[in-house]
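K.L.:
Attaching a single structure in structure tokens format; questions to follow.
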Amino acid sequence: MEIHGLLGTVLWKALRDVRMCSGEDARERRRLLRPPNDGVRERFATASEEAIELAPVLGTFMSLLEDPAVVEPRDLAVACHRVHEWADQRGLELTAYHFAEGAAYADPNDPVRANFAARMARRALRRNRASMWYWRAYKVAVLARNKRESVYALLGYGTMMKDIGNFREARKAFDRAARRAVGSGRRREAAEAYHDLFTIALEAGKYRLAERHMATALSIYPARHERIPALAYDIAFLMIRRRHYSSALSVLERTVRLIGRREEQALVWSALAWAAGGAGWRERYREAERLALELVAVFHDFAPAIYIHLAEGCRALRDWEPAEAYAEAAQESALEREESTLAHEASELRAAIRRREDAPEEAPEAQHAETLRRSALARLEKWQAPGPGRPGADPSGPP
């Protein structure tokens, strides 16, 4: 884990204890866990002072040692998830991943926890682990007749396949999720499935198909669904791909303030920079570039796409040297993350920049672009952020 010193030691040992006793009865827990001595209690107390936000969580882990029989699996899962949230807010990706897995181990019959562990494994590029957790989530959800979680498992797996450029497998997972959601009358999950089918078509350059999937998603998304800002982002990105930069910019300006997760904010800021560059707004590009770079320095989830967006914005402004540097960073990051589609896109962009090939100019305003813009802004106008939700929700977010 990335946490050093006493706090890191205490958390690592607590995670080991949780995994070791997961699924065991009280008698076996007592055999596996050694009762704490004064030194252990002192370390827990000092760690609680070092990270006061984690004091209640560390109290739960201490209770497990004091009396293994009294701590419920759900309590341990909640404690692990809170450490995950604490680490994730600080950009401690591996720590967040390990404790998300810890929550799933602590409560192995909860498909929500398994789905969330899968999502964090996907973010940490542990794709074999993610596949295992998605399968676990799907299997447990089916046994529990939990249609929602079975759909989320399929959506998450499909998103991971999309990340590595396996669009055929991704489309199969999304299609299956859509059928399962529609067949069980799950409107929210059906909307997410069609949203993901939209992103697949968008990335494949099938814009008419993308618009059909988008229209379906728009027609069934509940007004307060947490993915409405992500849908608006995707609509704006479709407009960028079609070179309607000014229209996209007006949507992104509104969207970026509604995106809660900072790694997703970085992606939106970078797209906003591309749109600003394409529209010729140099100062707006620079501001968005700065904000995207500040965030991607800490949160790396969308680094290849972010650098591609910044390179495109620089290219549109004919700032050739930084454009090439961003394209190179995008290619290196995509190769490191094994995202072959983005690596290919970055390579082609880098070659175009080296040839000093001008970016495509902004396309004349068209009726369909105005319709898309109005649809996105109307949805954002009605949207309100939902309250605290299920920990295992797996909206894939912006592409």
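Derivation of every value follows stated rules applied to the coordinates shown; laboratory data play no part. As the structure is a prediction and not an experimental result, all values here were calculated from the model. Because the Cβ atoms are built from the backbone with ideal geometry, glycine has one as well, and the counts that use them run over all protein chains shown.
K.L.:
Find which of 258, 317, 154 sits farthest along the positive direction of the dipole of the chain, computed with +1 on the beta-carbon of Lys and Arg, -1 on that of Asp and Glu, about the Cα centre.
P.N.:
The listed residue farthest towards the positive side: 154.
K.L.:
So, with +1 on the Cβ of K and R and -1 on the Cβ of D and E, and no other charges, what is the size of the charge dipole of the chain about its Cα centre, to the nearest 20 debye?
P.N.:
1580
K.L.:
Could you give me D for the range 299-375, from Stokes-Einstein at 37 °C and 0.692 mPa s, where the hydrodynamic radius is the Kirkwood radius over C-alpha pairs? Units µm² s⁻¹, please.
P.N.:
248
K.L.:
Provide the convex hull volume over Cα atoms per residue for the range 30-126, in Å³.
P.N.:
About 101 Å³ per residue, rounded to a whole number.
K.L.:
Can you give the extra length, in nm with one decimal, that the chain gains between residue 356 and residue 320 once fully stretched, where that is 0.36 nm per residue apart less the Cα-Cα distance?
P.N.:
12.2 nm
K.L.:
Let me ask you something else. Find which of 307, 69, 112 sits farthest along the positive direction of the dipole of the chain, computed with +1 on the beta-carbon of Lys and Arg, -1 on that of Asp and Glu, about the Cα centre.
P.N.:
Among 307, 69, 112, the one farthest towards the positive end of the dipole of the chain is 112.
K.L.:
Angle check, please: helix 147-163 long axis (alpha carbons) against the longest principal axis of the chain (alpha carbons), in degrees 0 to 90, nearest 10.
P.N.:
60
K.L.:
Moving on to the next point. Going down the table (147/172; 13/139; 162/206), which pairs top 23 Å between alpha carbons?
P.N.:
13/139
K.L.:
Ok, one more. In degrees from 0 to 90, rounded to the nearest 10, what is the angle of the helix 282-296 Cα long axis to the longest principal axis of the chain?
P.N.:
The two axes meet at around 20 degrees.
K.L.:
How big is D, in µm² s⁻¹, for the range 247-399 by Stokes-Einstein at 20 °C and 1.002 mPa s if Rh is the Kirkwood radius over C-alpha pairs?
P.N.:
132
K.L.:
Let me ask something else. So what is the diffusion coefficient of the chain in µm² per second by Stokes-Einstein at 25 °C and 0.890 mPa s, using a Kirkwood Rh over Cα pairs?
P.N.:
Value of D from the Cα-based Kirkwood radius: 110 µm²/s.
K.L.:
As an exercise, use a Förster radius of 30 Å and the Cβ-Cβ distance of residue 382 and residue 241 to find the FRET efficiency, rounded to the nearest 0.05.
P.N.:
Here the calculated transfer efficiency is 0.70.
K.L.:
Right, another one. Separation between the residue 368 and residue 46 pseudo-spin-labels, each 7 Å from Cα along Cα→Cβ, expressed in nm?
P.N.:
6.5
K.L.:
From zero up to wherever the largest Cα-Cα distance of the range 148-281 sits, split into 5 Å bins and tell me the percent of pairs in each.
P.N.:
So the P(r) values, bin by bin, are 2, 12, 19, 21, 22, 14, 7, 2, 1, 0.
K.L.:
At 7 Å along the Cα-to-beta-carbon direction for both residue 143 and residue 38, put a label point, then send me their distance in nm to one decimal.
P.N.:
Here the modelled spin labels are 4.6 nm apart.
K.L.:
Whole-Hz ³J(HN,Hα) for each residue in the range 190-201, computed from phi via Karplus 6.51 cos²θ - 1.76 cosθ + 1.60 with θ = phi - 60°, x for glycine and proline: what do you get?
P.N.:
For the range 190-201, the Karplus curve yields 4, 4, 5, 5, 5, 4, 5, 4, 4, 5, 4, 5 Hz.
K.L.:
For the chain, what does the relative contact order come out to in percent, with C-alpha contacts under 8 Å and a separation of six or more?
P.N.:
Computed value for the chain: 13 percent relative contact order.
K.L.:
Going by alpha carbons, how many degrees (0 to 90, nearest 10) lie between the helix axis of 111-123 and the longest principal axis of the chain?
P.N.:
60
K.L.:
Ranked highest first by the average count of other Cβ atoms within 10 Å around their residues, in what order do 42-53, 189-200 fall?
P.N.:
189-200, 42-53
K.L.:
Any idea what the dipole of the range 40-179 comes to, in debye rounded to 20, about its Cα centre with Lys/Arg Cβ at +1 and Asp/Glu Cβ at -1?
P.N.:
The dipole magnitude comes to about 1260 debye.
K.L.:
Give the share of C-alpha pairs in each 10 angstrom bin for the range 95-187, from 0 to the last occupied bin, in whole percents, shortest bins first.
P.N.:
20, 49, 28, 3
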